[in-house]
Amino acid sequence: MEEAQCSEQGPTRRPEIARYPFHRRPPWILSTLFAVQHVLVQAALLQTVHRLLIDALPSTQHTSQHGYQLMATSLFSSGIATMLQTTLGSRLPLVQAPSFEYLIPAVILTSYPMETNSSRHHGAEMAVLCDGAQCPETDVALQTWKITLSEIRGAVVVSGILQVLLGLSGLQGLMSRHCGPMVLAPVLSIIGLSCYKETARFSSSHWGVTALLVLLIMLLSQHLRSCYIPVWRWRRSKGFDVLTHFPLFRIFSLLLPIVFLWILCGTLSEGDILNPYPAGGFRGILGTNASHLMPWFSIPHPGEWGAPTFTVRSAYVGVTMALGASISSLGCYVMCAKVTGSLHPPRDACNRGICSEGVGSCISAVLGGVSGMSSSFPNVGALVLTQAESRHSIQIAAVLCILLGMSGQLTYFLTTIPIAIHGGVLSVTYAMAVSVGVSYFQYTNIDSGRNIFIIGFTMFMALLAPRWFLFNPQFIATGVSSLDIFILSLLTIPVLQGGILAFILDNTVSGTSEERGLVARFPGFQSGLEGHLRRQPKDATMVYLLPPAVGRSLECPYVKTFPFCNLCPSREPAPEPAAEGEGEETLGLVASGGRGGVANLSRTGLEAPAIQG
């Protein structure tokens, strides 16, 4: 076999970088492998959120079994929400998953005692919480556990309804039009930096595993990004010959390290050579082997975990969840659009996207999930590293999530990934949000005193204030528990603080358009939109187009009335195809080292055609 071919980068020759853009459909085997890669990345965020939430609840003898079942339900709901987002929502290649914007208010809600002494809960008879010999401690803890989770589900339903209203009213799209580079840059940077504490906690279980994972990802995605593996074919007349070369290391720069270390840790921990779990053994993220309790096939259905509970506290928490998730999702839409080389998300795409997330959150809560659905930043970070941006692969990942969520045993197998690996995955993928946020400074006058103040003040306060209030919750004491929870939730979500501060300061502090970054080359600049469309490749304008059947149904005059008119695509000038090599920019933000093409790709079907430079 011939060794891997590496492109030589000289003064006149740039390495060949093949991409899999959103509008191309790779072969099924590649699409499936891309989907598996996204599921593994999504598992890191999914299990992080559930682990932190379960740790905040009282421990019972059934915690492990219920914890794995909750993760299976969330995985099932994530698949449904992802399919909605990629089909009817923003249409960007976005994976839907639980997020920290839902976790922080939920943990705050669990830290306050219940406000009920009634034996009836949501119209159903419930066991009264009691003390003494007649009520075993485990039963009390389990009952408290169930009631608290029901209240969290009620908050998730409230947040989902509010997100749907944000989309139908057009507020989400209207807000996106007033978010320039001076808003997007701090928000994306804050999102990437705000999870360092959770990432460090998981990585500290075994720093060696995390460091090795980060090293392998960096080696494959950066140092070996221009190395191609030869693909052979057999011809009767010529025998074996090289058909093309395949960028194996770059496009699977996350899949290969995760699988390799997963197998290595499992092998070594079984022999007690390496133990990445505090409880010992090759066990799940909860540190307990509960595989014998998990069913092979069980479809989540409404009522399995009881009905969501709606209280004043859950309503307040739902409001903060909706606000935090809507700001985070808007940043995720913009980041994904920049990564894929697409245009700035239009109003209708933002409105449809947040509506889809709201519907997904409601579905998750009704099925028994304890977190809403939001666009996953780690998966967008995976797009940056691998440049495998096919929407088709994301939809296959959604199907895999649904299938995994229907099997408790498969979900348990997925949770056996060492938590140190999760820490490494989150470290690398969330770092991409910071890098994309910093890239928006190129549109602004970064030497302006106005911009220096907004950036520094926004990022510092968005990281300082939440941390202080988390360590000093007693400072908020109004005498009304539900109001305390609401205020504390607002003050402890970093993206909510940073987004509001950046939005207010950028739109109220006087400054020229050049200072604010509202220039023609900024993709979201309104007055330069028509010219920007004409300078872009034709495919860059297609990502937000709805399926033909849905598009035709939206042409109905009854659908175009308020409030559904905010979901209908606006009539924008049709873009003119750009001349070859004219007006194109390098679309890869991290992994790309140049532009070029790979010969015979369209004929072989092994790779999507590269964008010609």
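Scan the range 490-504 and report the pairs whose first residue is touching a residue at least 40 places away in the same chain (Cβ under 8 Å) and whose second residue is of a type in the set (F, W, Y) and assigned to a helix (DSSP H, G or I), with Cβ atoms within less than 6 Å and a gap of 6+ or a chain change. The qualifying pairs are T492/F469.
Answer with yes or no whether T478 is outside any helix (DSSP H, G or I) and polar (S, T, N, Q).
Details: outside any helix (DSSP H, G or I): yes; polar (S, T, N, Q): yes.
Spelling it out, T478 is indeed outside any helix (DSSP H, G or I) and polar (S, T, N, Q).
Check whether at least one residue in the range 414-422 is surrounded by fewer than 19 Cβ atoms within 10 Å (Cβ to Cβ), outside any helix (DSSP H, G or I) and not basic (K, R), and report yes or no.
Just the residues of the range 414-422 that are surrounded by fewer than 19 Cβ atoms within 10 Å (Cβ to Cβ), to begin with: 416.
Narrowing further to those that are outside any helix (DSSP H, G or I): 416.
Still in the running and not basic (K, R): 416.
Yes.
How many residues, within the range 312-353, are surrounded by 19 or more Cβ atoms within 10 Å (Cβ to Cβ) and over 19 Å from L546 (Cβ atoms)? Result for the range 312-353: 22.
Restricting attention to the range 364-385, which residues are closer than 15 Å to A155 by Cβ and surrounded by fewer than 24 Cβ atoms within 10 Å (Cβ to Cβ)? V366 - this is the single residue of the range 364-385 that is closer than 15 Å to A155 by Cβ and surrounded by fewer than 24 Cβ atoms within 10 Å (Cβ to Cβ).
Tally time: how many residues in the range 414-453 are of a type outside the set (D, E, K, R) and more than 30 Å from L255 (Cα to Cα)? Walk me through how you get there before you give the answer.
Start the filter on the range 414-453 by keeping residues that are of a type outside the set (D, E, K, R), which leaves 414-446, 448-449, 451-453.
Then keep just the ones that are more than 30 Å from L255 (Cα to Cα); that gives 441-446, 448-449, 451-453.
Going through the range 414-453 one residue at a time, the tally reaches 11.
Cβ-Cβ distances below 7 Å connect the following pairs, each with a first residue in the range 438-466 that is polar (S, T, N, Q), a second residue that is in a helix (DSSP H, G or I) and at pLDDT below 90, and a separation of six or more residues or different chains: T444/E515; T444/R516; N445/E514; N445/E515; S448/E515; N451/E515. Among the numbered conditions (1) in a helix (DSSP H, G or I); (2) closer than 27 Å to A337 by Cα, the only one that N445 does not meet is (1).
Looking at L410, is it assigned to a helix (DSSP H, G or I), over 29 Å from P26 (Cβ atoms) and either open to solvent by 10 Å² or more (accessible area, probe 1.4 Å) or of a type in the set (A, V, I, L, M) (or both)? Before you say what the answer is, go through the steps one by one.
Numbers: assigned to a helix (DSSP H, G or I): yes; over 29 Å from P26 (Cβ atoms): no; either open to solvent by 10 Å² or more (accessible area, probe 1.4 Å) or of a type in the set (A, V, I, L, M) (or both): yes.
Considered against the rule, which asks whether it is assigned to a helix (DSSP H, G or I), over 29 Å from P26 (Cβ atoms) and either open to solvent by 10 Å² or more (accessible area, probe 1.4 Å) or of a type in the set (A, V, I, L, M) (or both), L410 comes out as no.
None of L219, L213, L142, L129 is at pLDDT 90 or above and either over 30 Å from F246 (Cβ atoms) or crowded, with 22+ Cβ neighbours inside 10 Å (or both) except L213.
Residue-wise test of (1) basic (K, R); (2) modelled with pLDDT of 80 or more; (3) farther than 21 Å from F377 by Cα; (4) over 24 Å from the mean Cα position of the chain (by Cα).
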residue	(1), (2), (3), (4)
S7	no, no, yes, yes
I17	no, no, yes, yes
F22	no, no, no, no
F34	no, yes, no, no
V41	no, yes, no, no
R51	yes, yes, no, no
L57	no, no, yes, yes
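Out of the residues in the range 305-333 that are more than 17 Å from P494 (Cα to Cα) and either under 16 Å from the mean Cα position of the chain (by Cα) or of a type in the set (D, E, K, R) (or both), state the one that is modelled with the lowest pLDDT. Full working, then the answer.
Filtering the range 305-333 down to residues more than 17 Å from P494 (Cα to Cα) leaves 305-316, 333.
Restricting the remaining residues to those that are either under 16 Å from the mean Cα position of the chain (by Cα) or of a type in the set (D, E, K, R) (or both) gives 313, 333.
Values: R313: 90, Y333: 94.
Selected residue: R313.
Residue pairs whose Cβ atoms lie under 8 Å apart, separated by 6 or more positions or on different chains, with the first residue in the range 158-175 and touching a residue at least 60 places away in the same chain (Cβ under 8 Å) and closer than 10 Å to G372 by Cβ and the second open to solvent by less than 10 Å² (accessible area, probe 1.4 Å) and outside any helix (DSSP H, G or I), are S159/G372; G160/G372. Whether any residue in the range 386-398 is crowded, with 24+ Cβ neighbours inside 10 Å, modelled with pLDDT of 90 or more and among the acidic types (D, E) is what I want to check. So far as the range 386-398 goes, no, none of its residues is crowded, with 24+ Cβ neighbours inside 10 Å, modelled with pLDDT of 90 or more and among the acidic types (D, E).
The values are calculated or read from the model by the stated rules, or taken from the named source; none is laboratory data. Predicted model only: the values in this text are computed from it and were never measured. With ideal geometry, Cβ positions are generated from the backbone for all residues, glycine too; neighbour counts draw on all protein chains shown. SASA here: full protein model, heavy atoms, side chains in, ligands and nucleic acids out. Shrake-Rupley method; radii C 1.70, N 1.55, O 1.52, S 1.80 Å.
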